[in-house]
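Undergrad: The structure that follows is given in the form of structure tokens.
The values are calculated or read from the model by the stated rules, or taken from the named source; none is laboratory data. Just so it is clear, the structure is predicted and the values come from calculations on it, not from any experiment. No Cβ is skipped: glycine too gets one built from the backbone with ideal geometry, and neighbour counts run over all protein chains shown.
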Amino acid sequence: MINEYLLIINAIVFALMLAIILFSISFFSILKSYDIEKVSPYECGFDPFQDTRNRFDVRFYLVAILFIIFDLEIVYLFPWAVSLAQIDLYGFLVMILFLFLLTIGFFYEWFNGALDWE
């Protein structure tokens, strides 16, 4: 039984050693020259207008979450569309219900102004 795990342990040790070797080669082979231009924040060629560590508006995160939700809808939609000929009526109705619930959520977000940008 231990022989089965030896291959996995071997692969983990090899991957760790390779990662350490590649990291150390890249770390020691670079030239470390810091000047004021290299470490200054860059905003389209202009000097920064204000501190670069400002907080983002919550709407950025809301749009990102909405993108993830509707992106996951597409992830579920592709395999369903490919296997549509093999599934029965129950599989079809479950996906229609899923799409209907996502459409209701989309209209809820739309009517509450989550997609409006001021």
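Undergrad: Scan segment 41-79 residue by residue and report those that are part of a loop (DSSP other than H, G, I, E, B), modelled with pLDDT of 70 or more and surrounded by 10 or more Cβ atoms within 10 Å (Cβ to Cβ).
TA: Asp57
Undergrad: If you don't mind, there's one more thing I want to ask. Just checking, which of Ser24, Ser33 is more than 30 Å from Glu109 (Cα to Cα), modelled with pLDDT of 85 or more and not aromatic (Phe, Trp, Tyr)?
TA: That would be Ser24, the only listed residue that is more than 30 Å from Glu109 (Cα to Cα), modelled with pLDDT of 85 or more and not aromatic (Phe, Trp, Tyr).
Undergrad: Condition check: in a helix (DSSP H, G or I) and either surrounded by 12 or more Cβ atoms within 10 Å (Cβ to Cβ) or at pLDDT 90 or above (or both). Does Phe92 satisfy that?
TA: It is true that Phe92 is in a helix (DSSP H, G or I) and either surrounded by 12 or more Cβ atoms within 10 Å (Cβ to Cβ) or at pLDDT 90 or above (or both).
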